[in-house]
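Each remark here refers to the structure printed beneath this line.
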Amino acid sequence: MSLLDIAGLDVVLGGKSLVRGLSFEIGEGELLGLVGPNGAGKSTLVKAVAQLLEYRGEIRFQGRPLNALSARERARCLAYLSQEDPVQWPISVRDLVGLGRHPYRGSWWRGAGRSGTGDLEAIESAMRLTDVWRLRERRVTELSGGERARARLARVLVVEAPLILADEPVAALDPRHQLQVMQLLRSACQSGRGVLVVLHDLTLASRFCDRLVMMDRGELIATGTPTEVLTAENLARTYGVRAVMGEHDGQGYVVPWDTSEPLRS
Amino acid sequence: MFQIRPRSLTLVLVLTLLGLSLASLCFGEAPLSLGEVVGGLLGTGTEEQRLIVQQIRLPRVLLAWLVGCSLGASGAALQGLLRNPLAEPGLLGISASAGLGAVVALYFGLTALSLWALPVAAMSFALLATAVLYALTRAGSTNLTLILAGIALSSLATALTSLALNLAPNPGGVQDIVLWLLGSIADRSFDDVWLCLPFVIVGLALLLLTGPSLDVLALGEGEARTLGVDLGRLRGLIILGSALSVGATVAVSGAIGFVGLVVPHLLRRFVDYRPGRLLLPSALGGAVLILAADIAVRLLDTPKELMLGVVTALIGAPFFMALVLRSRRDML
């Protein structure tokens, strides 16, 4: 059964059509990569799914329209990691991660600011998974870019939502932590969760994702397994690059090597 | 820097507030001992002591609480909402707009029609100013544009207030208005306390409700919304809460600046920088600061008693300058 169904999605922002007629689905336990050049509408699509933008079309979660759920129900169904890193105050890493338990808080007069033991366990395990437990007392503003990215990912995991939307979670990370984050998202899927992840690194996309959705200029270009989507023709058509492609241990890799004249139809 | 745990911070502030309140009842032109103050409060002392304590000094103490709590809590809430440590009701022109509302009510003689005309006019103008600021920050503005907008709003309100004074037919009334605009809680009665009390209580309650949502807003608007924070409701609560509490207190005390800026800044480290947990301590801290400044005003040996708003501005403006310089250095 599919976890998320998107059908005929249109997003218009400030008179500009940013996403046009997009349809795809994410199954339970599926890691779906969203790829495409800058300005393709990937972030816009993710924001629309997170109900942060107005849209036309259908977005269904487990068969129910996502915009019909209450804000609280929705907060427990999907967790969103934004592309920007806008944490404003120098709060501690543990407090930052703890904010992910907000959808489970009681009313303000009960347990305001306090966490139950279930919360504390969830917080600790998410922080250990993302390797930020030893940073728990540090201020978010003092962290390196990579440490902060992992702390924010822990904040998303701690929601324990069936659907995770991650907008470029590995952009600021070194190779080791890039692999670690992708492995984490991969293992998050094993418990039946679905993950939609925006990626620019095509090798990571090819190696870790079950399926890819490729977008360009707001439209769906290709969808399918990584080998079906990351073809020389599609790469030239969307990114305008020629890539070195090969296989290692039965998994494909894609290394963009040279620019090509984009073949626009 | 000495360390206070977040939980004991509230207790420390409450005790300081009570201590200063007693001190404030003691000091003045006719100094009273603690025993005489207690006697005056309970009505067991002499008639004169009872009059001084109950009619003159107690309203002053209570107004210090109300004004301080309003400014402190509004400052903390606005900083959390706008995600900006420089937000403050005075700096953003909310206080000046409330002052304009009050002057309009005085100028057009609305105060003769109803006792409530003054606070209602002040609150309406404060509400309008906050809504304008909010609309500006919606359009993705930076710290700089927000502060510039606040300055513009503040200048406009001050200019319109001056215009009203300029055209005022009665010179005697003008001096009253000018003095009142400088900000003071001296020579106020229980009538003033009752006039603003209900609005301050409602306003503070609305502000304190926003704590958990403000904490989550530290993540940014998008992620906060996906965690179930209703941004529209949050903004509404804070705009209404600050307008009610600041508007009502400006109506009786005039504009007292910088308290809403300084207090959250001083207390933030003790609540682990969590914007939501900062609300209650900032309210209490605001009251402590106003009370302390009001005692200082009386103890200073000046030919004429200084106005409270003048003193807070004299301390607050250099502080603000330092804060701006530091935030500029952090950005570089």
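The values are calculated or read from the model by the stated rules, or taken from the named source; none is laboratory data. Since this is a predicted model, take the numbers as computed values, not measurements. When we count neighbours, we look across all protein chains shown, and the Cβ atoms used for this are built from the backbone with ideal geometry, even at glycine. Side chains are part of the model used for accessible areas, which takes the heavy atoms of the whole protein and leaves out ligands, DNA and RNA. Shrake-Rupley method; radii C 1.70, N 1.55, O 1.52, S 1.80 Å.
Numbers below:
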{"read-out": "Rough spin-label spacing in nm, given labels placed 7 Å along Cα→Cβ, for B:Glu305 and B:Thr16", "value": "2.4"}
{"read-out": "Helix-only mean residue ellipticity at 222 nm for chain A, each DSSP H run of n ≥ 4 adding -39500 (n - 2.57), per residue, nearest 500", "value": "-8500 deg cm²/dmol"}
{"read-out": "Rounded tilt (10° steps) of A:117-129 against the dominant C-alpha axis of chain A", "value": "40"}
{"read-out": "Cα-based shape type of segment B:1-119, given that a ≥ b ≥ c are square roots of the gyration tensor eigenvalues and the cut on a/c is 1.5", "value": "oblate"}
{"read-out": "Diffusion constant of chain B at 20 °C, which comes from Stokes-Einstein with the Kirkwood Cα-pair radius and 1.002 mPa s, µm²/s", "value": "106"}
{"read-out": "FRET efficiency for A:Gln190 and B:Glu221, using Cβ-Cβ distance with R0 set to 30 Å, rounded to 0.05", "value": "0.40"}
{"read-out": "Sequence of B:Leu208, B:Leu82, B:Leu92 from largest to smallest accessible area, 1.4 Å probe", "value": "B:Leu208, B:Leu82, B:Leu92"}
{"read-out": "Shielding by partners - mean other protein chain Cβ count within 10 Å, residues of A:67-77", "value": "2"}
{"read-out": "For B:Leu91, distant residues with modelled amide H under 5 Å away", "value": "B:Phe258"}
{"read-out": "Tilt relative to chain B, helix B:143-167 - C-alpha long axis, 0 to 90 degrees, to 10", "value": "40"}
{"read-out": "Under Karplus coefficients 6.51, -1.76 and 1.60, residue-wise ³J(HN,Hα) of segment A:198-205 in Hz, glycine/proline x", "value": "8, 9, 9, 7, 6, 5, 4, 4"}
{"read-out": "Segment B:230-293, Cα convex hull volume normalised per residue, Å³", "value": "89"}
{"read-out": "Tilt relative to chain B, helix B:58-82 - C-alpha long axis, 0 to 90 degrees, to 10", "value": "10"}
{"read-out": "Equivalent ellipsoid dimensions for chain A as semi-axes, Å, which come from the Cα gyration tensor, largest first", "value": "32, 22, 16"}
{"read-out": "Sequence-distant aspartates and glutamates (8 or more away, or on other chains) whose Cα lies within less than 13 Å of B:Lys304", "value": "B:Glu29"}
{"read-out": "Exposed GluC sites (Glu not before Pro) absent: longest stretch of chain A, with sites in DSSP loops and at most 11 other Cβ within 10 Å deemed exposed", "value": "A:138-265"}
{"read-out": "Cβ-placed point charges (K, R +1; D, E -1), dipole of chain A about Cα centre in debye, nearest 20", "value": "940"}
{"read-out": "Distance between segment B:253-286 and segment A:86-108 - C-alpha centres, whole angstrom", "value": "20"}
{"read-out": "Dipole in debye (nearest 20) - the protein assembly as shown, about Cα centre, beta carbon charges: Lys, Arg +1; Asp, Glu -1", "value": "400"}
{"read-out": "Dipole magnitude (debye, nearest 20) for segment B:124-242, charges at Cβ of Lys, Arg, Asp, Glu", "value": "300"}
{"read-out": "Base-10 log of normalised Debye intensity for the protein assembly as shown (one unit scatterer per alpha-carbon) at q = 0.09, 0.11 Å⁻¹", "value": "-0.78, -1.01"}
{"read-out": "Filtered GluC sites (Glu not before Pro), segment B:1-93: DSSP coil and at most 10 other beta carbons within 10 Å", "value": "B:Glu29"}
